[in-house]
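Asks: The following block contains the structure, expressed as structure tokens.
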Amino acid sequence: MRLLLCLLTLTSALLAEEPVPHLASSARLFLRVPDDSPPIGEVRVSPGVASPGNYESTPEKRERLTDINVPIHWWSWTKVEVSFTPTYDGTIELDLNGPWGEARPGVLQQMEVLWQNFSAIGSTIENPGFKRTAEGAPEGWKSPWRPYPASAVWPFTAAEPAKGTTFGASWHGRPLTQSIPVKKGVAVTLKFMALGAQPPGFVGMKRLWEKGPAHLVAAKLKRGVNLGNNWESPPGEWGIKFDKGDLDQIAAEGFDHIRVPVAWQHRLKDGKLDPAFLAEIEPMLRHALSKRLRIILNWQHFDELSRDPEGKRAEFMRVWNLVATHFKDWPPELMFELINEP
């Protein structure tokens, strides 16, 4: 009994812990249809993706909820456009939210998303600029679950508005909601801007110059094809095979570059680049160049480096030295990407 009481006390203490501020890399919002109305159908978003409410408890609720996720940055505001055509007369709930995550079991990450410059075609939004006449949620918006932060504290101290003078803030544990009117068959387009709020003490990566060698090369890469699921697999396992005909088709379709993922840790022999692998991939790379396709050669699926960065750093450097030395006399249209999704 005493052990049970201790465990209950510990669990309660963990659940009572304050959320931990964390940088949001995506903005999340929901469109929620009332229970007595039909689903709205297709929702289009740019940039980002719209999905059914897969975490809802019933199929009916899943059909009536659209979960929208948009990639955002901390250094610049992202312009977003969401459009849909209602199938009924009434209202739909606009729920400004944030990504979900845990700092540790039972303790949420507070990933604040900042919002501004809302506008609507085919509907109306009350107080789209999030102005507030007093401390509390902006007029016209609801802030359930937790008190809305004061204007002089984080996350409002984390950024400056790109346009206008005010913005709103939300995260998974403190959404901002508003019901907006809709008409059957009248297309609705919502436009807004979003930004990831820098957590307290956040130190961003130093921004490089804007016209360095990498920028000049990247400016030439407009339309590319990723040759995935081939050379990043261990030899003889699940990888598919590409041939020169695929490269011909890519070039004929108007693409200007290919990305070639390679799991280099699987392409070594006696500590050096495997000659059999080079004999397989080099003709493909040369054919791509002959078709005026630039090439990005990367290192894919080096999971050991992710699990043990310090322990695998020397191997990472050694293998890239082998690759760079081998290809040092190739044309500059062959480029290297050090690691997939660093």
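Coordinate-derived values only; no laboratory data. Keep in mind it's a predicted model, so treat the numbers as computed, not measured. Ideal geometry is used to build each Cβ from the backbone, glycine not excepted, and the neighbour counts take in all protein chains shown.
Asks: With every atom except the alpha carbons ignored, what do you get for Rg and Dmax of the stretch 57-205, in angstroms?
Replies: So, for the stretch 57-205, Rg and Dmax equal 15.9, 48 Å respectively.
Asks: Positive end of the dipole of the chain, charges at C-beta (+1 Lys, Arg; -1 Asp, Glu), about the Cα centre: which of Ile240, Ala169, Asn97 has its Cα farthest in that direction?
Replies: The listed residue farthest towards the positive side: Ala169.
Asks: Provide the percentage of antiparallel DSSP beta bridges, counting only those with both residues in the chain; round to the nearest 5.
Replies: Numbers: 49 of 64 bridges.
Close to 75 percent.
Asks: So what does log10 I(q)/I(0) come out to for the chain at q = 0.07, 0.12, 0.15 Å⁻¹, using the Debye formula with one equal point on every Cα and no solvent?
Replies: -0.45, -1.04, -1.20
Asks: If you don't mind, another one. Which value in deg cm²/dmol, rounded to the nearest 500, describes the helix-derived mean residue ellipticity at 222 nm for the chain, given -39,500 (n - 2.57) per DSSP H run of n ≥ 4 and division by the residue count? Don't skip to the end; give the middle numbers.
Replies: Values: 7 runs with 74 residues, N = 342.
Value at 222 nm, helices only: -6500 deg cm²/dmol.
Asks: Going by the alpha-carbon gyration tensor, a ≥ b ≥ c the square roots of its eigenvalues, is the stretch 234-342 rounded (a/c under 1.5) or, if a/c is not under 1.5, prolate (a/b greater than b/c) versus oblate?
Replies: Values: a/c = 1.77, a/b = 1.72, b/c = 1.03.
Cα axes put the stretch 234-342 in the prolate bin.
Asks: Would you mind ranking Leu278, Leu31, Leu297 so that the residue whose beta carbon has the fewest other beta carbons within 10 Å leads the list? Write out the running numbers ahead of the final one.
Replies: Numbers: Leu278 15, Leu31 23, Leu297 20.
The order, fewest Cβ neighbours first, is Leu278, Leu297, Leu31.
Asks: A further question on this structure: Given +1 on the Cβ of Lys and Arg, -1 on the Cβ of Asp and Glu, and no further charges, what dipole in debye does the chain carry about its Cα centre, rounded to the nearest 20?
Replies: Numbers: 39 positive and 40 negative charges, 157 e Å.
Once rounded to the nearest 20, the dipole reads 760 debye.
Asks: Additional query: Quick one: compute the contact order of the stretch 20-196, relative version, from alpha carbon pairs under 8 angstrom and 6+ residues apart, as a percent. Please report the intermediate quantities before stating the final value.
Replies: On the way: 439 pairs, mean separation 57.0, N = 177.
For the stretch 20-196, the relative contact order is 32 percent.
Asks: Can you tell me which of 108-116, 61-69 comes out highest on packing, and rank the rest after it, using the mean Cβ neighbours within 10 Å?
Replies: Working: 108-116: 23.6, 61-69: 19.6.
The most tightly packed comes first, giving 108-116, 61-69.
Asks: Then there's this: Which residue fluctuates most in the GNM of the chain (Cα springs below 10 Å): Ser119, Ser290, Ser37?
Replies: Ranking Ser119, Ser290, Ser37 by mean-square fluctuation puts Ser290 first.
Asks: So, R0 is 22 Å and r is the distance between the beta-carbons of Glu42 and Trp145; what FRET efficiency does that work out to, to 0.05?
Replies: Values: r = 30 Å, r/R0 = 1.37.
The computed FRET efficiency comes out at 0.15.
Asks: Can I ask one more? Peptides 137-143, 195-201, 169-175, 39-45: what's the order by average Cβ count within 10 Å, highest mean first? Provide the component values of the computation, followed by the final result.
Replies: Values: 137-143: 17.9, 195-201: 19.7, 169-175: 22.7, 39-45: 15.0.
Peptide ranking by packing, descending: 169-175, 195-201, 137-143, 39-45.
Asks: Could you give the size of the charge dipole of the stretch 20-196 about its Cα centre, using +1 on the Cβ of each K and R and -1 on the Cβ of each D and E, expressed in debye and rounded to the nearest 20? Could you put the intermediate results ahead of the total?
Replies: Numbers: 17 positive and 17 negative charges, 59 e Å.
It works out to roughly 280 debye.
Asks: Which whole-Hz couplings ³J(HN,Hα) result when phi for each residue of the stretch 114-122 is put into the Karplus expression 6.51 cos²θ - 1.76 cosθ + 1.60, θ = phi - 60°, listed in order with x for Gly and Pro?
Replies: With coefficients 6.51, -1.76 and 1.60, one gets 9, 10, 7, 6, 6, 8, 9, 10, x Hz.
Asks: Taking the chain as the reference, fit the longest principal axis to its C-alpha atoms, fit the long axis of helix 2-15 to the helix C-alpha atoms, and give the angle between the two in degrees, 0 to 90, nearest 10.
Replies: 90 degrees
Asks: Also, I was wondering about something else. Pull up the DSSP beta bridges for the stretch 20-196 and report the antiparallel fraction as a percent, rounded to 5. Before the final figure, lay out the partial values.
Replies: Numbers: 47 of 49 bridges.
Beta bridges within the stretch 20-196, antiparallel portion: roughly 95 percent.
Asks: Roughly how many nanometres apart are two label points built 7 Å out from the Cα toward the Cβ at Arg318 and Lys131?
Replies: Roughly 6.5 nm, to one decimal.
Asks: Something else now. With a/c under 1.5 counting as rounded, go ahead and sort the stretch 166-308 into rounded, prolate or oblate using the C-alpha gyration tensor (a ≥ b ≥ c being the square roots of the eigenvalues; past the cut-off, prolate if a/b is larger than b/c, else oblate). Write down the numbers at each step before the final one.
Replies: Working: a/c = 2.20, a/b = 1.75, b/c = 1.26.
Prolate.
Asks: Quick one: work out the % antiparallel among DSSP beta bridges in the stretch 213-337, nearest 5.
Replies: Approximately 15 percent, going by the DSSP bridge assignments.
Asks: Name the residues whose placed amide hydrogens come within less than 5 Å of the amide hydrogen of Leu297, ignoring near sequence neighbours (fewer than 5 apart) on the same chain.
Replies: Val260, Met335, Phe336, Glu337
Asks: Between the stretch 138-179 and the stretch 201-255, what's the alpha-carbon centroid distance in Å?
Replies: 38 Å
Asks: Then there is this: Work out from phi, with θ = phi - 60° and the Karplus expression 6.51 cos²θ - 1.76 cosθ + 1.60, the ³J(HN,Hα) of each residue of the stretch 314-321, listed in order in whole Hz, and give x for Gly and Pro.
Replies: Computed from phi, the couplings for the stretch 314-321 are 4, 5, 4, 5, 5, 5, 5, 5 Hz.
Asks: Counting pairs of alpha carbon atoms under 8 Å apart in space and at least six apart in sequence, what relative contact order in percent does the chain give?
Replies: Numbers: 632 pairs, mean separation 53.3, N = 342.
Relative CO of the chain lands at 16 percent.
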